[in-house]
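Novice: Below is a structure I'd like to ask you about.
Throughout, read-outs are computed from the coordinates displayed, never taken from laboratory work. Keep in mind the model is a prediction, meaning the values are calculated, not measured. Cβ sites come from the backbone with ideal geometry, for glycine too, and all protein chains shown count toward neighbours.
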Amino acid sequence: MRKRYGGRPTLSVEEARERILETVRVLEPERVPILDALGRVLAEPVVAERDIPPLSNSAMDGYAVRGEDVAQAPVRLRVIGEAAAGHVCEARVEPGTAVRIMTGAPIPEGADTVVRFEDTRLEGEWVEILVPVSKGKNVRPAGEDVRAGQEVLSPGKVLRPQEIGMLAALGRTEVAVVRRPRVAILATGDEVVPPGQTPGPAQIYDANTYTVSALVRSVGGIPLPLGVARDQEELVREGIRRALEARADFIITSGGVSVGDFDLVKQVLAAEGEMRFWSLNMKPGRPLAFGVVAGVPLLGLPGNPVSAMVGTLMFARPALMKMQGFTEWPWPTVRARLLDPIPSKDERRHYVRVVLRETADGYEARLTGDQGSGILNSLVLADGLAVIPEGITSLPAGTEVEVLWLKWGKMP
Ligand code: AMP
Ligand code: MG
C-alpha cells in the first residue's frame, strides 16, 4: 500500500460539512398531533398534570384486605363487595372483611393489601386466605409511574414510540416539535426531462430530482420539486427565485457546478448570493457548491446521479437533521474486508459502492462493478459505501475498510 499526502488543497468532507452545519439553524417549533411527532425532536417541556396512576390500585385479580388480617393464615374474611377497573368502590374494608377486586381497580377505603385469587378459596360469602400475605402486597401506589408536576420529557428529546405512548398517557393530543425543513429541489440541464415527458434523442430522464426528494423525505424534510431549468442563466435564476417564493428553508440544485461552459448554478450563486465553496476533496462529487441566497442555504450538487446522491447523504442529511433539532446524525457502519483491490486512485476520499456479505469472520465487501459517477446502478446494487481514505493511491484485496450502510429505504 502506497500513501501520499498533501495533494490538492481542496476542502475535506469533514471541513465542508462543518461549514454547512455552521450556516444552518434549528427551525422553530410547530404543534402537531402526537402521532405525527414520531421520530421528531420535542420543542417544549412536557409536564404531568396528574399522577399516573391517579389512584392506588390493584396489580392482581383477587381480594382487597387489611394487611393485619392476613399476616397469619389460614384466615376467613367476609366478602362485602366488588371493585372493578374504572369505578371508585363504595364499600369500605373493615377488620375481618374483604372486597373482590380486579386488576387496575382502585383499592377500596380501609384496604392496603391484595391477595391474589390463586391464594384463596371462596365459600359462599366467605373467602379463606390460604397463605400469609405481607401488608402492601399487590398494590400499585398512586403516582408510581409519573407524579403530578414532574417534567416527564424535556426539549431536545427524539420521540420514539414509547414517548408517543407517554404523551397519550398524560392526556396530550398535540405536542410542540421542531418543524420540518422545506427543501426546494431544482434540476438543471438542456438534456434533462422529467419522467412522463417524451425525451428527445439526446435527452435523459431526470433521476436526481427523485433521488434527492426521496432522501430529503427519508430524513424528515419536505421536498418541493421545482422541475428542470434549462441551461440558461436567466432560467436557473428564475428557478432559484421560485425556490425562495416557495419559502424554502434549504435549496438543492443538481448539475451545472463543474467547469463546463454551461455550468450556471455556480455563476448564479456567485451573482445572486454568496458562494462559500465549490470544490471538495472527494469522489464522487468533487464539484459541489455551497452558498447562501437571500439567507437560504443552497447546496449545488453535481449532475452525475451517483455524485448527487452521495453529496445529499454527506451534506444535506446532517444539515436537514440539525435544522430539525437533532444534535447527532449517526450512520451505522461496519468494518469489512475488500474482496476486490483498488488498483489505482487519485488522492481524494473515495466512496466506493459495495455489496456486503457476512461471513464467519466478519463482513466481506465486493465492488458493485463500474464505479463511474454516472452509473446509478452502482448504487442500486450497493449495500454500502466503502470509505477509501484520502492520500492512499491503491489498496490490495483483503484490506479492511469502513463501510457506511445503505441498507434501508429509510436513512438512519
Ligand atoms: P453537469 O453536472 O450538469 O455537468 O452534469 C453531469 C452529468 O450528469 C451529465 O452527464 C448530465 O447529463 C447528468 N445529469 C445532470 N442532471 C441530471 C439529472 N437530473 N438526472 C440524471 N442525470 C443528470
Ligand atoms: Mg449540466
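Novice: If each residue's Cβ is checked for other Cβ atoms within 10 Å, how do ILE101, ILE222, ILE129, ILE34 rank with the fewest at the top?
Specialist: Arranged by neighbour count, lowest to highest, ILE101, ILE222, ILE129, ILE34 become ILE222, ILE34, ILE129, ILE101.
Novice: Let me ask something else about it. Sort 197-203, 72-78 by packing, meaning the average of other beta carbons within 10 Å per residue, with the highest value first.
Specialist: Final packing ranking: 72-78, 197-203.
Novice: What's the center-to-center distance, using Cα atoms, between region 286-332 and region 93-160 in Å?
Specialist: 55
Novice: In the chain, what percentage of the DSSP-assigned beta bridges are antiparallel, given to the nearest 5?
Specialist: In the chain, DSSP labels about 65 percent of beta bridges as antiparallel.
Novice: Also, I was wondering about something else. When the chain is fully extended, how far beyond the present Cα-Cα distance does ALA169 get from GLU30, taking 0.36 nm per residue of separation?
Specialist: Once the chain is fully extended between ALA169 and GLU30, it gains 47.9 nm.
Novice: Quick query: amide H of ILE107 versus all other amide H atoms, modeled in the peptide plane; which residues come in under 5 Å with a sequence gap of 5 or more or a different chain?
Specialist: Those lying under 5 Å, H to H, from ILE107 are SER56, ASN57, SER58.
Novice: Using each residue's phi in region 374-385, evaluate 6.51 cos²θ - 1.76 cosθ + 1.60 at θ = phi - 60° and report the 3J(HN,Hα) Karplus result to the nearest Hz, with x for Gly and Pro.
Specialist: x, 8, 4, 5, 5, 8, 4, 7, 7, 9, x, 10
Novice: What are the semi-axes of the equivalent ellipsoid for region 57-140, taken as the square roots of 5 times the Cα gyration tensor eigenvalues, largest first, in whole Å?
Specialist: So the three semi-axes of region 57-140 are 17, 13, 11 Å.
Novice: Could you state the angle between the C-alpha long axis of helix 208-218 and the longest principal axis of the C-alpha atoms of the chain, as a value from 0 to 90 degrees rounded to the nearest 10?
Specialist: The angle comes out at about 20 degrees.
Novice: Let me ask you something else. How large is ³J(HN,Hα), in whole Hz, for each residue of region 147-160 in order, when computed from phi with the Karplus curve 6.51 cos²θ - 1.76 cosθ + 1.60 and θ = phi - 60°, using x for Gly and Pro?
Specialist: Coupling constants for region 147-160: 9, 3, x, 6, 7, 7, 10, 10, x, x, 5, 7, 7, 9 Hz.
Novice: I would also like to ask the following. Which whole-Hz couplings ³J(HN,Hα) result when phi for each residue of region 12-19 is put into the Karplus expression 6.51 cos²θ - 1.76 cosθ + 1.60, θ = phi - 60°, listed in order with x for Gly and Pro?
Specialist: So the J values, rounded to whole Hz, are 7, 4, 5, 5, 5, 4, 4, 5.
Novice: Right, another one. What are the residues whose amide H is under 5 Å from the amide H of ALA43, where those residues sit 5 or more places off or on another chain and H is modelled from the backbone?
Specialist: GLY156, ALA176, VAL177, VAL178
Novice: Find, to one decimal place in angstroms, the Kirkwood hydrodynamic radius of the chain, where the mean of 1/r is taken over every pair of different Cα atoms and then inverted.
Specialist: Over the chain, the inverse of the mean reciprocal pair distance is 25.9 Å.
Novice: Under 5 Å between amide H atoms, partner at least 5 residues away or on a different chain: which partners does ILE185 have, H built in plane at 1.01 Å?
Specialist: LEU224, LEU226, ILE252
Novice: Here's something else I'd like to know. Which peptide among 90-97, 363-370, 262-269 comes first, and what is the full order, when sorted by highest mean count of other Cβ atoms within 10 Å?
Specialist: Answer by packing, highest mean first, reads 262-269, 363-370, 90-97.
Novice: What's the Cα-based Rg to Rh of region 259-412, Rh via Kirkwood?
Specialist: Using only Cα positions, Rg/Rh for region 259-412 is 1.01.
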